[in-house]
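Contents: one structure, followed by commentary.
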Amino acid sequence: MKPITYIFVIFFSAAIYVWLLYFVPRTDFISLLTGYSLISIGYLWLIKQLTYFQNLSSNKLYIFIGAAILFRLLAVFALPELSDDYFRFIWDGHLLVHGVNPFQALPTEIWADQEMAQSLGLTDNLFTGLNSPDYFTIYPPVNQLIFFLAAWLSPDSIYGAVLIMKSFIFLAELGSLFLIWRLLEVWELPLSRWGIYAFNPLVIIELCGNLHFEAFMIYFLLLFVWLAYQKKWVAATLSFALSVASKLLPIMLGPFLIKRLGWGRAIGFGALVALWLVLMFIPILDTEMISHMGESLELYFQRFEFNASVYYLLRWIGYQWKGYNMIATIGKLLPLLVIGGIGLVAIMEKKITWPQFMKVSMWAFSIYLLLASIVHPWYLTTLLMFSLFTSYRYVLVWTLLVVLSYAAYMSDTYHEQLGLVALEYLGVAAYFIWEMALSSSSSILRKL
């Protein structure tokens, strides 16, 4: 294949990224679906070319690396369109700059005192942009540090603050691309799998585009595995703590770590991780912070719902049985099922290696997302990262179909299109069943 062919596909994809990221509003679902579909075709073509990775000349190799960086750079300079979470990021940042703990007061409480709000640099644009002004913040220390830096460096510009935060996301993504490459090399896995993450449109649009901090969780998880594989345990504990301090979810991987470390070393490992976390939380730590964050997390999982699968089935059963939405009860049941499912995976695991850790982590995150009441598209990015180190490609399919969930925003009044949500999960389930039924040599995507 001539380099010009690669360049054409890359620049065609880049043009579609520019259109989607800069000109398509969230309410224009048809344009979003069309653009995402076109990018996905280019994405599948690019990763298919990488199956011949070992035969590529150095010039062609640089084309692929350059494309991964180019797509992310295009996303960095766009104001997020598919998510308005960045308003809360900047809000928290302004509070931190002025020495106010963002966990101590609700935005509505602060905004009620206009004199205080003005003294904190809070504007009407910021407040009206908040999607949860009646809830305490839930973002842990790594995120809060980035919020602080953004508000400090760009106190008067929302776009400037967004650009600063995206710059950190971009750097984290570059780190992840490098670590994925290195881990694939040392474990002698096909380097073509690097492209599954590097060119994935969901990863590019949701992380560098829509400013989601899964980028840091992914980077620090990869760094943790790299360091643990090299038996650099102290540095590994710090990296794992930073991943948890980016998003709390890595805690659920604890059972798999115990199996690799043994109980004695695991206790020491856990103690050091806990020490790092205490040090990270100290600037914002008090009794109110713990209770308010816990309260927000509880409300988040027991009141909100979006793009769920098993939860929606249980909700329907609840309506037939009780005649009302049983989210409060189901929201307490599902976490127990997640814990049980992850525990079962840990018990069944036989091959205790670090490559296998990525596989069981994929199953753990799959269980969590299938039983969650909220599955925002960017939640799949971490799951996709783990799947690279396995032969399973149902996650890749899921990242291509999850765009259907954005049909909920076709109008200013939020309304989920449950038919499209069902189509998304039926597609993923069908591919998963087909993938499990066929041998790896019979599945096209599993060759990637």
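Some points to look at:
- Of the residues ASN210, ILE347, VAL76, the one whose Cα sits farthest towards the positive end of the charge dipole of the chain is ILE347 (charges of +1 on Lys and Arg Cβ, -1 on Asp and Glu Cβ, taken about the Cα centre).
- Compactness index (Cα Rg / 2.2 N^0.38 Å), segment 75-196: 1.30
- Whole-number D in µm²/s for segment 309-384 (Stokes-Einstein; Kirkwood sum over Cα pairs; 10 °C, 1.306 mPa s): 116 µm²/s
- A Cα-only calculation for segment 235-278 places Rg and Dmax at 9.7, 27 Å.
- Length gained when the stretch ALA271-LEU153 is fully extended (0.36 nm per residue, less Cα-Cα span): 39.0 nm
- Nonlocal amide H pairs with ILE374, under 5 Å, H built at 1.01 Å: PHE306
- For the chain, a crude dipole built from +1 on the beta carbon of Lys and Arg and -1 on the beta carbon of Asp and Glu, taken about the Cα centre, is about 2320 debye to the nearest 20.
- Extension gain from ASP412 to LEU73, taking 0.36 nm per residue of separation minus the Cα-Cα distance: 119.1 nm
- Using Cβ point charges alone (K and R +1, D and E -1), the dipole size of segment 120-220 about the Cα centre works out to roughly 200 debye.
- Charge-dipole axis of segment 30-109 as Lys and Arg at +1 and Asp and Glu at -1 on Cβ define it, positive-most pick from ALA105, PHE87, GLY66: GLY66
- Counting every alpha-carbon pair across the chain, the share separated by more than 30 Å comes to 46%.
- Simple point charges give the picture: +1 on the Cβ of Lys and Arg, -1 on the Cβ of Asp and Glu, and for segment 38-183 a dipole about the Cα centre of about 1120 debye.
- Relative contact order computed over the chain (Cα-Cα under 8 Å; 6+ residues apart), in percent: 17 percent
- Taking the average, over residues, of other Cβ atoms within 10 Å as the packing measure, peptides 123-129, 350-356 rank 123-129, 350-356 from highest down.
- Length gained when the stretch ILE347-TRP316 is fully extended (0.36 nm per residue, less Cα-Cα span): 8.0 nm
Every read-out reported here was derived from the displayed coordinates using simple, explicitly stated rules and does not represent laboratory data. Fair warning: this is a prediction, and the values are worked out from it, not measured in the lab. Backbone-built Cβ (ideal geometry, glycine too); neighbour counts: all protein chains shown.
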